[in-house]
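Here the structure comes first, spelled out in C-alpha cells, and everything after it is commentary.
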C-alpha cells in the first residue's frame, strides 16, 4: 500500500478526534478514567494544524503522526492508525523511516497498558525510565 502524508488542516479536527477516541480511549480508561467532556475540551484546546501530518494510505486518511526535532533527540510524540489500517505495516514503515532519517536518538513514551509497546521493542526501542502510567523508551543511534 502506498503511504503519503499531508499537512493537517482545520477541517481535520473531527477526523483526529475520532482517531484519538479509537486509538486511546480504552487505554486511557484503563489507566485513569475516560471523561468524554474533559477529553473533548482538552483535545480541542490542544489542536494545532501545524502539528504533525495526516497519514494517507491508498488515497484514504488512515492516521496521524507527529514528531519534534530537538538538538540532541527526535521525539515521536504520537502515531495513531485507524483500526482498519492497522496490522498492514504502516506504523512500522513510518517508524523505520524516521529511525533511518534521524541523526539523533528517537524517544517516545507509551501508556503501560498499550500493546504498541511490543512494536516499539521489536523496532529496537528500550525502556530507559517509567512513570506510574508510562514507559519512556529510546532507540539509540548505532
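The values are calculated or read from the model by the stated rules, or taken from the named source; none is laboratory data. Bear in mind the structure is a predicted one, so any value in this text is a computation, not a measurement. Ideal geometry is used to build each Cβ from the backbone, glycine not excepted, and the neighbour counts take in all protein chains shown.
Among the numbered conditions (1) free of Cβ contacts under 8 Å to residues at least 60 places away in the same chain; (2) out of contact with any strand residue (DSSP E or B) (no Cβ under 7 Å at 6 or more places or on another chain); (3) more than 19 Å from residue 92 (Cα to Cα); (4) surrounded by 10 or more Cβ atoms within 10 Å (Cβ to Cβ), the only one that residue 28 does not meet is (1). The selection criterion, being closer than 23 Å to residue 135 by Cβ, touching a helix residue (DSSP H, G or I) at 6+ places or on another chain (Cβ under 9 Å) and either in a loop (DSSP other than H, G, I, E, B) or modelled with pLDDT under 95 (or both), holds for residue 67. Looking at 125, 47, just one residue is closer than 22 Å to residue 28 by Cβ, surrounded by 12 or more Cβ atoms within 10 Å (Cβ to Cβ), modelled with pLDDT under 95 and over 12 Å from the mean Cα position of the chain (by Cα), and that residue is 47. Within the range 118-136, the set of residues being under 17 Å from residue 65 (Cβ atoms) and not in a loop (DSSP other than H, G, I, E, B) comprises 119, 120.
Return yes or no: is residue 104 touching a strand residue (DSSP E or B) at 6+ places or on another chain (Cβ under 7 Å), in a loop (DSSP other than H, G, I, E, B) and either at negative phi or surrounded by 13 or more Cβ atoms within 10 Å (Cβ to Cβ) (or both)? So residue 104 passes the test.
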